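Taken together, the values in this text are just the output of simple stated rules run on the coordinates, not laboratory data. This is a predicted model, so every value here is computed, not measured. Cβ: placed from backbone, ideal geometry, glycine included. Neighbour counts: every protein chain shown.
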Amino acid sequence: MSTKKRHSLRVLFVDDEQSIADLMRSELPRMGHNATVRQSPGSAIEAIQKNVFDAAIIDLRMPGGSGWDVIDYLREHSPETVSVISTGHGDRDDAIRAIRMGAYDFLPKPVSLFEIINVLDRIGQTKALQNKTIALESRLQRVEGRSDLIGTSGPMLRVRKLIDKIAPTNSAVLILGETGTGKEMVARRVHEQSDRRNEPFVAVNCGAIPENLVESEFFGHRKGSFTGADSNRAGLFEVANGGTLFLDELGELDKSMQVKLLRFLESGEVRRVGDNEPFHVDVRIVCATNRELQQMVTAGVFREDLYFRVNTFEIYLPPLRERLDDIPSLAMHLLARHLKRDCISPDMLPPETVRLLQAHHWSGNVRELANVLEHSVILSDGLTIRPTDLPRSINRDVAAAVGAPHDSPTVAMVAQTSLFSNEPKTLREIEEFMILRVLDKYQGDKPKAAKELGIALKTLYNRLSQMGPQRDAG
């Protein structure tokens, strides 16, 4: 059984026999692991003081000390390191003691290379599962406010087509778009359609991490490396090992972290804060930003070499106002998610409400739409969301479009027509719109309205009569 590269471990191998030490110096890297080989307990403890290890294979009987000293030191200073005992002098009591001290396995000498490969592979799988658990916890903490990639409009079909082409590769991806458009969902779709789909997906907002903790969050730290570092901690690159790391708001990274990110993209190596030795991880980077990185490069606040590294493939996610055709299906999806239902009745969003939603500018994009629907559900009867259940901001947008006060009856009337739909407008609809607009301007004063419209007062009355009694009420 061969160890997968993405389960690469940092291994400390401790054995005083020169031939075994030399063999492990060459074979452990061939297995895909980062190897540190020491031939005495004292030198092993010195290595632990400088670096953090995933696994340690330790001989018990060595000149100048005992392997138990190394295990004791690991238990106190690096409890996350998995210990494996390997000895030619072990007995039943040693095996029992090893189990009580939390050793992962006990391998009597002579140990075959196959046994070492096997035990490290099992440790790697356990570590990968732990990382997936951490990533899942992070995902659950962030799940509120997200939505799936919903929509069949032209712009969204183009996004889906790009994802289909990019996802199977290991190339870096840069997702561009306004805040609230769903850039994380695009990143997640890239991950789920890649060969890494069964490995961790870790998302981080670069702008939400305090500046003095960014390096520790990304690369991890060893105990005591700075004030407050009370224990060893894996960084996001380690947690995402084998999978995808999504860096949202990339433009918020300062210059020093840009350099470290570039170094990782070039080498695949990370180094915990306080460690001396780097180690390799296999992580795909997907970035996103709502800022103009090219302008930031010109201004000297973003590195040009990093820009080219993260921008191997670019996906532009359009704002909601550029894909209004998606609003009905997106709104239904968001309502179902908010109400914790598999689906909802189409009657919950009548056409007049949909038309109002499609007339709004949506500067906050999908996130704003989700908030508007949550507000409207609370005000509604639970069965249908009427135009009057929508927030005042929605009505203000329509009122501004027709030049009427936001609480005017014109707003409700326009919502009933196809004025703001995507269907072609008829001459009658345009005439009706202009009459209502001018009537509202003069607060229902028909003589003044007729004069501005350039028609006789009798003609205005005839037009209003044809439009129906509801619209002649002014």
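Within 10 Å of each residue's Cβ, count the other Cβ atoms and sort 264, 246, 308 from fewest upward.
Starting with the residue having the fewest Cβ neighbours, the order is 308, 264, 246.
Ignoring solvent entirely, what values of log10 I(q)/I(0) come out of the Debye formula for the range 145-318 at 0.10, 0.15, 0.19 Å⁻¹ when each Cα is a single scatterer?
-0.38, -0.85, -1.30
Relative contact order of the range 145-318: what whole-number percent is it, with Cα pairs under 8 angstrom and at least 6 residues apart?
Relative contact order, the range 145-318: 32 percent.
Cross-link candidates for residue 50: which aspartates and glutamates have Cα within less than 13 Å, leaving aside residues fewer than 8 places away along the same chain?
Straight-line reach from residue 50, under 13 Å: 275, 277.
Once phi is turned into θ = phi - 60°, what whole-Hz ³J(HN,Hα) does the Karplus curve with 6.51, -1.76 and 1.60 give for every residue of the range 240-245, x standing for Gly and Pro?
Working through the residues one at a time gives 8, 3, x, x, 10, 10 Hz.
What is the packing order of peptides 150-159, 329-338, taking the mean over residues of other C-beta atoms within 10 Å and listing the highest first? Don't skip to the answer; put the middle values down first.
Numbers: 150-159: 16.5, 329-338: 18.7.
Most protected by this proxy first, the peptides run 329-338, 150-159.
What list do you get for 385, 99 if you sort them by fewest beta carbons within 10 Å?
Ascending number of Cβ neighbours within 10 Å: 99, 385.
Would any residue of the range 58-73 have its amide N under 14 Å from a label point 7 Å out along Cα→Cβ of residue 277? List them or say none.
It comes to 58, nothing else.
Relative contact order of the range 170-246, please, whole-number percent, based on alpha carbon pairs below 8 angstrom and at least 6 residues apart.
Here the relative contact order equals 34 percent.
What nm distance separates the two modelled labels at residue 208 and residue 113, each placed 7 Å from Cα along Cα→Cβ?
Taking the two extended label points, one gets 4.7 nm.
Provide the per-residue ³J(HN,Hα) series for the range 329-344, in order, calculated from phi with Karplus coefficients 6.51, -1.76, 1.60 and θ = phi - 60°, each as a whole number of Hz, with x at glycine and proline positions.
Values per residue, Gly and Pro as x: 5, 5, 5, 4, 5, 5, 5, 4, 5, 5, 8, 6, 10, 5, 7, 10 Hz.
When a footprinting reagent is the concern and you count Cβ atoms within 10 Å, what order do 206, 287, 343 take, fewest first?
Fewest-to-most ranking of 206, 287, 343: 343, 206, 287.
Counting Lys and Arg as +1 and Asp and Glu as -1, what is the net charge of the other residues whose Cβ lies under 13 Å from the Cβ of residue 271?
+1
Can you give me the long-range amide H partners of residue 175? Hydrogens built in the peptide plane at 1.01 Å from N, cutoff under 5 Å, separation of 5 or more residues or another chain.
The list, which skips near neighbours in sequence, is 287, 288, 289, 315.
Size of the range 5-125 along its principal axes in angstrom, Cα-based, largest extent first?
That works out to 35, 29, 27 Å along the principal axes.
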